Amino acid sequence: MLEIRNLHARIAEDGTEIIRGLNLTVRDGEVAAIMGPNGSGKSTLSYVLAGREDYEVTDGDILYNGHSILEMDPAERAAAGIFLAFQYPMEIPGVATMEFLKTALNAQRKARGEDPLKVPDFLRRVKEAAGSLDMDMAMLKRPLNVGFSGGEKKRAEILQMKLLEPKLCVLDETDSGLDIDALKIVADGVNSLRAPDRSVVVITHYQRLLDFIVPDTVHVLYKGQVIKSGDKNLAIELEKNGYAGFIAEAA
């Protein structure tokens, strides 16, 4: 599904290198957790995968289903099935959440050569997805993320993911600002999308999210490189002992 080869990336504005020779493989159907201390490059990795223009790849490659995505813009990556859930979802005043969902879904269908959804079909899909996330349909009439609580913003993103059905889901610290009830609902939404042809990259600081979204693999990121990989037990070890031991090993 995803193969990152010797990736180097920097902030375009000032040239600060953040990703420094990162290698990572995520197989079809795999849930891979990325953990690491602040400043290790976790969020930068998610932005580079999504194609944000303020980050620049200077070396290496990113292969998605065997094809390089470096020349693809963010819209092309989204149409191809790459989805990024932000740590801090953007507020968009004046754009109703329901209208945003309809536009995004039909833009994706158009890019794939499919007909736009008729209103009754679209509403049925939204109601089913929203119901699974305990979302009030009235919330979808409000401007996207404006005045939403942290939990509501994350539910709205998982709703987008359920509707768009991406093949590669990248969750950038999706547990930020969530109480335990909201965390369980969001995790249930993610788990409901697990499939043999869909992979998930979960970026997080904390083991608690991985109690609910159990990863197949865990990778420790430090100074823009993966310094340790293992199974779900690696996250438990990190929660208990911290990163210092692995960082010392890699030095």
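Is it the case that Asp179 is more than 15 Å from Ala32 (Cα to Cα), over 13 Å from the mean Cα position of the chain (by Cα), charged (D, E, K, R) and modelled with pLDDT under 85? For Asp179, the condition - more than 15 Å from Ala32 (Cα to Cα), over 13 Å from the mean Cα position of the chain (by Cα), charged (D, E, K, R) and modelled with pLDDT under 85 - is met.
Okay, residues lined up against (1) under 21 Å from Ser229 (Cβ atoms); (2) crowded, with 21+ Cβ neighbours inside 10 Å; (3) not small (Gly, Ala, Ser):
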{"position": "Leu7", "(1), (2), (3)": "yes, yes, yes"}
{"position": "Ile11", "(1), (2), (3)": "no, no, yes"}
{"position": "Gly21", "(1), (2), (3)": "yes, no, no"}
{"position": "Asp28", "(1), (2), (3)": "yes, no, yes"}
{"position": "Leu45", "(1), (2), (3)": "yes, yes, yes"}
{"position": "Leu49", "(1), (2), (3)": "yes, yes, yes"}
{"position": "Arg52", "(1), (2), (3)": "no, no, yes"}
{"position": "Asp61", "(1), (2), (3)": "yes, no, yes"}
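So in region 202-250, with the set limited to residues that are under 19 Å from the mean Cα position of the chain (by Cα) and in a helix (DSSP H, G or I), which one is farthest from Gln87 (Cα to Cα)? Ranking the candidates gives Lys232 first. Scanning region 153-170 turns up no residue that is without any contact (Cβ under 8 Å) to a residue 24 or more places away in the chain and in a helix (DSSP H, G or I).
Filtering region 129-151 to residues that are charged (D, E, K, R) and over 14 Å from Met98 (Cα atoms) leaves only Asp134.
The set of residues in region 117-152 that are of a type in the set (A, V, I, L, M, F, W, C), in a helix (DSSP H, G or I) and in contact with a helix residue (DSSP H, G or I) (Cβ under 8 Å, 6 or more places away or on another chain) comprises Phe122, Val126, Ala129, Ala130, Met137, Met139, Leu140. Taken over region 92-113, residues that are modelled with pLDDT under 85 and of a type in the set (Asp, Glu) amount to 0.
The values are calculated or read from the model by the stated rules, or taken from the named source; none is laboratory data. Being a predicted model, the structure only gives us computed values, none of them experimental. As a convention, Cβ positions derive from the backbone with ideal geometry for all residues, glycine included, and neighbour counts pool all protein chains shown.
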